[in-house]
Amino acid sequence: MDLLDFEAQGLYFEEADAEGVKELIADASEKYAGGEAELPLLQAYFKSPDSLNVLVALNRFYYYQHRLEDALAATLKALAVIRPLVGFPEDWRELQLAHLQTVPAALLTQVRLYLFTLKAIGFLHMRLNNLDTSQAVFEKLVELDSKDRIGAQALLDLLKQCRLEAA
């Protein structure tokens with residue numbers, strides 16, 4: 001399966017959210033420089049806890065604030081929201097190439113979002129020095145993506161090189 005051979009359909013940011021969520025995210029964006037962005041983001045989350053728009057905004061906010069544990073929590077929640085849309089196993093470790101191959105073409109955008117979200121989880125684990133988990137994530141992505149469309153191979157190589165140098 002070529003993860004670039006698809007027509008983008010059902011992009012998460014085009015999805016409608018609960019009333020007021022879009023405005024709260026915009027408010028957070030305006031308040032970011034002043035250090036007051038978290039409250040509107042959390043208000044948006046409480047209005048729409050399964051909104052990928054909100055979860056991505058939270059991930060970005062926490063990542064750029066160097067609050068990596070919080071960014072990881074938002075990203076794990078996003079993976080949990082995407083997973084049932086594509087019918088993948090609850091545990092990403094159980095994901096097989098057959099799962100990707102049986103997803104209808106209309107859902108390939110969501111498959112890519114799932115895989116990129118999983119990559120973000122691996123990256124955050126790497127930043128948090130949870131190297132075993134990070135390596136397992138990147139190895140799974142490389143196994144599933146033989147053409148490296150998701151770009152996990154370079155991160156896996158970097159992680160292995162860092163581990164060799166640290167040994």
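The values are calculated or read from the model by the stated rules, or taken from the named source; none is laboratory data. Remember, predicted model here, so these are calculated numbers, not experimental data. Backbone-built Cβ (ideal geometry, glycine too); neighbour counts: all protein chains shown. These accessible areas exclude ligands, DNA and RNA; they are computed on the full protein's heavy atoms, side chains included. Shrake-Rupley method; radii C 1.70, N 1.55, O 1.52, S 1.80 Å.
Using 0.36 nm per residue and subtracting the Cα-Cα separation, the extra length available between Leu97 and Glu143 on full extension is 15.8 nm. The lysine pair count for the chain, using Cα distances under 30 Å and pairs eight or more places apart or on different chains, is 18.
Using the 1.4 Å probe convention, the accessible area of the chain works out to 56 Å² per residue with neighbouring protein chains retained. When Glu90, Glu139, Glu36 are compared by accessible area at a 1.4 angstrom probe, the order from most to least is Glu90, Glu36, Glu139. Model label points for Glu30 and Arg163, set 7 angstrom from Cα along the Cα-to-Cβ axis, are 4.8 nm apart. Considering only protein heavy atoms and a probe of 1.4 Å, how much of the accessible area of region 20-164 is carbon and sulfur, as a whole percent? Carbon and sulfur: 54 percent of the exposed surface of region 20-164.
Calculated on the Cα set of the chain, radius of gyration then Dmax: 16.8, 53 Å.
Charging the Cβ of each Asp and Glu at -1 and of each Lys and Arg at +1, and nothing else, the dipole of the chain about its Cα centre rounds to 340 debye. Accessible area ranking (1.4 Å probe, heavy atoms, ligands and nucleic acids excluded), largest first, for His66, His125: His66, His125.
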